[in-house]
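To start, the structure under review is shown below, and the notes come after it.
None of the figures in this text is laboratory data; all of them are computed from the coordinates on show. It should be emphasised that the depicted structure is a prediction, and the values quoted were computed from it without experimental measurement. Here the Cβ positions follow ideal geometry from the backbone for every residue, glycine too, while neighbour counts run over all protein chains shown.
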Amino acid sequence: YDYYKYHPMDEWMAQMVMDYPDVVTIVDYGQTYEKRTISLLKIGLESEKRKKAIWMDCGIHAREWIAPAFCQYFVKQILQSYKTDTKIETMMRNMDFYVTPVLNIDGYMYSWKDNMTRLWRKNRSPGPSGDCYGTDLNRNFDANWGIGISFNCSSNIYCGSQPVSEPEAQAVTYFVGSRKDDILCFLTIHSYGQLLLVPYGHPNFTAPNYNELMEVGLAAATAIWNVHKKNYTVGASPDVLPNCGSSRDWARMQGIPYTYTFELRDKGEFAFELPEDQIQPTCEEAYSGALHIITYAHDKTFSGAAVTAAASFWSVLLAAGVARVNLMSS
Amino acid sequence: MGFRGFIVLVVLMGMRGSPTGAVSLKDESAHPNFVTREQKDLTVEEGRGDVMATGELNPSHFPARRAAKVVQHYLNTRYGSPYRLFGLEDVHSATAEDVADTGRRYHLQISAHEIISNRTQKCSADVFFPRGEPTQSPEVKASCEELLQNTTAQEEALYQRYKEGHSLLSAQYIPDSQGHIEPDMMPFWHLSIVASSFIMLHESTENTLYNMAQVAQITQLETEREELKFDSHMLLHDMVSQEILHWKLLFTWSPAEGVKVQQMQQIPKPNH
């Protein structure tokens, strides 16, 4: 595993469609400031019923390179598993997975430019006076926008000139907004810190299903720990890492019930420059955590009664594959 | 078949795990979105975060974590070397109290992870954040349970190599963009983190959380003195503001004296 292995991203995405034509399509859903096309992979099995959906985005912050690597890993994992893992197959039949490997394409490519740009975070739209660049996309969403951030354009948490001023945030807002009734999970992938964060970022507001979000999050953290013994802290954003205007908060406000921010490895030793030999183990553990949340959301939606909830428990336990989830632990 | 058989059949059908019909949206108790039709999906809870916590603290929450991070920086300034480096493994418990008008004191039980020997040790620590202008550095007292592992031989070997060596060390961007560090640069990466810990300790407040982001440049300088001398450009990351802070740092090191900072100065970040 290395960071360059699946670049350029659009060629890799096209390859996924070629390799799994019955299951994968590319959906273009917006444009970056520098006019690059923002695309996601839609993954799912044909169904006559109206399907539910899972949203995952990576690379909203340019320097968090492990995040796009994880989206790619996640995609490959479910595509390689669904034919042999009946649980994954069932979920693909009931739900579509919308995975955006890199949302902030301009910023990400800029961070690859040279040593001096590696730690770029924001997008690349020019500020009001043109002498500073970039808005923090994860402060630009219309969710308690403008609180606890910076209105200074040169700040790394500059929230933009107004809510959803940025084309990348607009793309997500439109695509997810028009499908919000069908989306069960909104997972946004970041680094670093080893955290699972639940809404909301503003200390005065709590999600109505906060207890459930915490319970599922703690179980996901256990699933993560079971893979490589890495501790991920679970908490509400204000307690752990306060922020406003985040995509996660916005998604929760739309009614999407299970919204989480993943902050992947590490805890500050290598920070944003996570060594390539940690890509695989990081992806393995994060996959386990993400799959736990997704499976929970799926099972809660697609079971009508306690009997089938128990059945889901058994089928998850019995399912072969990478998950190794322990649903009974907290 | 009988009633019991019917129950068994129902249960067995349930056990197949995947219903063939679509979920009924009328069964709202099973539908996870049932609270979500309103635009603002909020309940008001008592405001938190404005008043910094006092008394027993949640060890997972940021006030305890930020104070614990300061202990990590302190341990590195005190005990760190090219072959000894501490990370914060966990916070077990924490309390905080205001000290008249002078500041706030945290008492913490943490586990520190010595990264190179891969050993964890429990420590108890006090961190005092002074109030007032201009901002002062925190004061730390810490005691850890185990004796530190002996790294003298390795340190001496490194020291001799670079004291006698014909070429002076000069390196840039450690780790590189892919997180890679050349094996013979590893001790200098560790040394850079130790030296930067003086900055991070000095600059820490209850509103910061510093980690080393990258060594932009480190150059060994000629010196008449016993210690090795380095000029460097360090990049620090503050998790709270998400900023990358640029610092010039002039420091010395020897096995006998440890790291000593001669000059440190923050420089503006490049505009790009």
Here the cysteines of chain A without any disulfide-compatible Cβ partner under 4.7 Å are A:Cys159, A:Cys185, A:Cys244, A:Cys283
Residues whose built amide H sits under 5 Å from the amide H of A:Ala207, excluding neighbours closer than 5 in sequence, are A:Tyr200
The aspartates and glutamates whose Cα lies under 12 Å from the Cα of A:Lys230, excluding any fewer than 8 residues away in the same chain, are A:Asp266, A:Glu284, A:Glu285, B:Glu89, B:Asp90
Descending packing, highest mean Cβ count within 10 Å first, for B:78-89, A:9-20, A:240-251, B:239-250 is A:240-251, B:78-89, B:239-250, A:9-20
Partner lysines whose C-alpha sits under 29 Å from that of B:Lys229, ignoring same-chain residues fewer than 8 away, are B:Lys69, B:Lys141, B:Lys163, B:Lys248, B:Lys260, B:Lys269
Any helix of chain A counts here only if DSSP assigns it H throughout, its Cα atoms span 20 Å or more along the axis, and its mean Kyte-Doolittle hydropathy is at least 0.0, and such helices are A:66-81, A:210-228
Between the alpha carbon centres of region B:101-122 and region B:144-170 the gap in Å comes to 25 Å
Inter-part gap, Cα centre of region A:56-71 to Cα centre of region A:133-197, in whole angstrom, is 14 Å
Relative contact order of chain A (C-alpha contacts under 8 Å, at least 6 apart) in percent is 19 percent
Region A:11-326, convex hull of Cα, quarter of hull surface, nm² -> 15.5 nm²
Amide H proximity to B:Gly80 below 5 Å, modelled H, separation 5+ or other chain, gives none
As straight-line cross-link partners of A:Lys83, the qualifying lysines (C-alpha separation under 28 Å, not fewer than 8 residues apart within one chain) are A:Lys5, A:Lys42, A:Lys49, A:Lys51, A:Lys52, A:Lys300
Candidates A:Thr173, A:Thr233, A:Thr188; GNM for chain A (alpha-carbon contacts under 10 Å) flags as most fluctuating A:Thr233
Between the modelled labels at A:Gln162 and B:Thr223 (7 Å from Cα along Cα→Cβ) the distance in nm is 5.7 nm
For the protein assembly as shown, the Cα convex hull volume per residue in Å³ comes to 171 Å³
